[in-house]
Amino acid sequence: MNENDTPTIEQQRATIAELETPVIQVWEGVLALPLIGSLDTARAQNMNERLLERIVETGSEIVILDITGVPVVDTAVARHLLETVSAARLLGAEVLLVGLGSRTAMTLVQLGLDLQGVTTRITMAKGLELAFQKLGLEVTSKTTRAVDGTEG
Amino acid sequence: MLTSAIIKVRDTLIVSVQEDLGDEDALDLQAALTQQLERTPVNGVLIDLSLVHVIDSFLGRTLNDLAVGVRLLGARAVVVGMQPAVAITLVELGLELRRIQTALTVERGLDLLARSTNHRL
């Protein structure tokens, strides 16, 4: 590696840091955080800070943390996730953990981590459904309603 | 001398915790709040931490004790307005305040108290 490479690497590192933890507002009061790739301590801290700031900024009550894209959930990753859940709760927001695969779920059980006190759902869609339910919202299909109307 | 304000609004005591709360101040606040609860029983206590930017283990524990004490005196405690940095510090200290209810803003905290007292009646 020559000396000219260093700024580029720094730049790329910064870009990756920005890309890796997007916090998306999917609805008023609902934030989504799709995690992709492995979660180390530095990344978890970065994610935590950004998430908490966004919760305060947007006044969101619910955060859907999607770990579909996290290949391996070991004790360290689980601890980071639990820290995120606790910190968000202290601000007054609830974290729904979604996208646990069957392998992840069984790994966690075998590690003795039952994630007590954390609400989990299998997919992002199920998580969003629960979020709407908690906010007292309902999603109905226009077509179904029309059919019901003609029949009833 | 008490440095934080305790304001009674109808059935709720609102505690606005001041910036840079020292150990002594925290203990004074704890005593003042529990005494006030003894004199004027209310259903809810709202602890507003929006001015608090720095927290240590002592303050964290005092806060926890305060909330548990409030519950023993028959009221509900809700902590509101916590700063992100404070939340991260508390979690890193292992003080997750699991037994305390939280809300983002004073308004939401009041809603939460109203809802929980309605359920109880």
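The values are calculated or read from the model by the stated rules, or taken from the named source; none is laboratory data. What you see is a predicted model; the values in this text were computed from it and never measured. Using ideal geometry, Cβ is built from the backbone for each residue, glycine included, and neighbour counts are taken over all protein chains shown. Please note that ligands, DNA and RNA were not included when accessible areas were found on the heavy atoms of the full protein model with its side chains. Shrake-Rupley method; radii C 1.70, N 1.55, O 1.52, S 1.80 Å.
Below is a table of values for the structure above.
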{"quantity": "Tally of residues being open to solvent by less than 40 Å² (accessible area, probe 1.4 Å) and either part of a helix (DSSP H, G or I) or within 16 Å of B:Gln101 (Cα to Cα) (or both) across region A:106-132", "calculated": "6"}
{"quantity": "Some residue of region B:4-18 being in a helix (DSSP H, G or I), under 23 Å from B:Leu112 (Cα atoms) and at pLDDT below 90", "calculated": "no"}
{"quantity": "Selection from region A:45-65 of residues that are touching a Pro at 6+ places or on another chain (Cβ under 9 Å), within 13 Å of A:Ile24 (Cα to Cα), within 11 Å of chain B (Cβ to nearest Cβ) and not charged (D, E, K, R)", "calculated": "A:Leu51, A:Leu52, A:Ile55"}
{"quantity": "Residue count for region A:74-105, restricted to those that are crowded, with 19+ Cβ neighbours inside 10 Å and of a type in the set (Lys, Arg)", "calculated": "1"}
{"quantity": "Contacts under 7 angstrom Cβ, first residue in region B:62-74 being at positive phi, partner surrounded by fewer than 21 Cβ atoms within 10 Å (Cβ to Cβ) and of a type outside the set (A, V, I, L, M, F, W, C), 6 or more apart", "calculated": "B:Gly74/B:Pro41"}
{"quantity": "All positions within region B:33-52 that are surrounded by fewer than 16 Cβ atoms within 10 Å (Cβ to Cβ) and either more than 15 Å from the chain's Cα centre (by Cα) or among the hydrophobic types (A, V, I, L, M, F, W, C) (or both)", "calculated": "B:Glu38, B:Arg39, B:Thr40, B:Pro41, B:Leu51"}
{"quantity": "The one condition in (1) within 14 Å of chain B (Cβ to nearest Cβ); (2) among the small types (Gly, Ala, Ser); (3) within 11 Å of the chain's Cα centre (by Cα) that A:Ala88 fails to fulfil", "calculated": "(3)"}
{"quantity": "Those helices (runs of 4 or more DSSP H) lying entirely in region B:29-121 with at least 2 residues at pLDDT below 90 and not basic (Lys, Arg)", "calculated": "B:57-72, B:106-120"}
{"quantity": "Condition check for A:Thr68: open to solvent by 80 Å² or more (accessible area, probe 1.4 Å) and away from every other protein chain (no Cβ under 14 Å)", "calculated": "yes"}
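So that you can scan it fast, the table gives a plain yes or no per residue for (1) open to solvent by less than 50 Å² (accessible area, probe 1.4 Å); (2) more than 11 Å from the chain's Cα centre (by Cα):
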{"residue": "B:Arg76", "(1), (2)": "no, no"}
{"residue": "B:Met82", "(1), (2)": "yes, no"}
{"residue": "B:Thr89", "(1), (2)": "yes, yes"}
{"residue": "B:Leu95", "(1), (2)": "yes, yes"}
{"residue": "B:Ile100", "(1), (2)": "yes, no"}
{"residue": "B:Ser116", "(1), (2)": "yes, yes"}
